[in-house]
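Quick notes on the structure that follows.
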Amino acid sequence: MENIRLFISIPVDPGLTKSIFKQFEGLNLPWEKMKAAKFDQLHLTLKFLGETPLEKLPAFIEALQDIDTQINDLELHISGPQIYNEKRPQVLVLKVEENDKLKQLYQDVEQALFDAGLAHMDKRKFSAHLTLARVKTSASFDEFADFSNWKFKANFVVSHFELQQSELERTGPTYTALQTFDL
């Protein structure tokens, strides 16, 4: 039985992605200790599904197509940088502000997959963010002062979400959109 690694995501406008990475790459950071996300793969993860039997792919697509989000364009607000893990820096992200429409979309996806018997309900609170880099070796918070002080804020409008395949390679993950779902 062949498995594929899946997740559900919201894409980020390519123009905004370019602006984010141009500014991010200009920060004074310990780049040798980090693995930055690929420019063309920036996204907001709604739900990570992990290793999934390939034969279940049509069921996932059907369950996600049946969601009636009743959400037209969804406007999201990036509120600035955040470093995940309180003990030592592990992940550098841009935080996306909580939003009732985004919360509803997340809950609709969760419920649709749970009702179809395809996924469990997450116990952790949904935390919307865009992952920019992972810290691969030990580093102090002081080394990320430029990131912490970065005043990046932006808005973007979303009209769809995607079922993505993630293939792990030596150079990092490669993502492929398998299906797009309009809001």
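Read the figures in this text as sums done on the coordinates, not as results from a lab. Because the structure is a prediction, the values reported are computed rather than measured. Quick reminder, even Gly has a Cβ in these numbers, built from the backbone with ideal geometry, and neighbours come from all protein chains shown.
Filtering segment 127-147 down to residues that are over 23 Å from K18 (Cβ atoms) and small (G, A, S), which residue is nearest to the chain's Cα centre (by Cα)?
The extreme case among them is S127.
Would you please list the contacts, defined by Cβ atoms under 8 Å and residues six or more apart or on different chains, that run from a residue in segment 64-77 that is within 7 Å of L183 (Cα to Cα) to a residue that is part of a helix (DSSP H, G or I) and not small (G, A, S)?
T69/Q104; T69/L105; T69/D108; I71/K101; I71/Q104; I71/L105
Can you tell me which of (1) surrounded by fewer than 17 Cβ atoms within 10 Å (Cβ to Cβ); (2) in contact (Cβ under 8 Å) with a residue 12 or more places away in the chain; (3) polar (S, T, N, Q); (4) not in a loop (DSSP other than H, G, I, E, B) is the one Q107 doesn't meet?
Q107 satisfies every listed condition except (2).
Quick one: is F24 surrounded by 13 or more Cβ atoms within 10 Å (Cβ to Cβ), touching a residue at least 12 places away in the same chain (Cβ under 8 Å), of a type outside the set (A, V, I, L, M) and not in a strand (DSSP E or B)?
Considered against the rule, which asks whether it is surrounded by 13 or more Cβ atoms within 10 Å (Cβ to Cβ), touching a residue at least 12 places away in the same chain (Cβ under 8 Å), of a type outside the set (A, V, I, L, M) and not in a strand (DSSP E or B), F24 comes out as yes.
Identify the single condition in (1) over 18 Å from the mean Cα position of the chain (by Cα); (2) surrounded by 12 or more Cβ atoms within 10 Å (Cβ to Cβ) that G117 does not satisfy, given that it satisfies every other one.
Among (1) over 18 Å from the mean Cα position of the chain (by Cα); (2) surrounded by 12 or more Cβ atoms within 10 Å (Cβ to Cβ), the lone unmet condition for G117 is (2).
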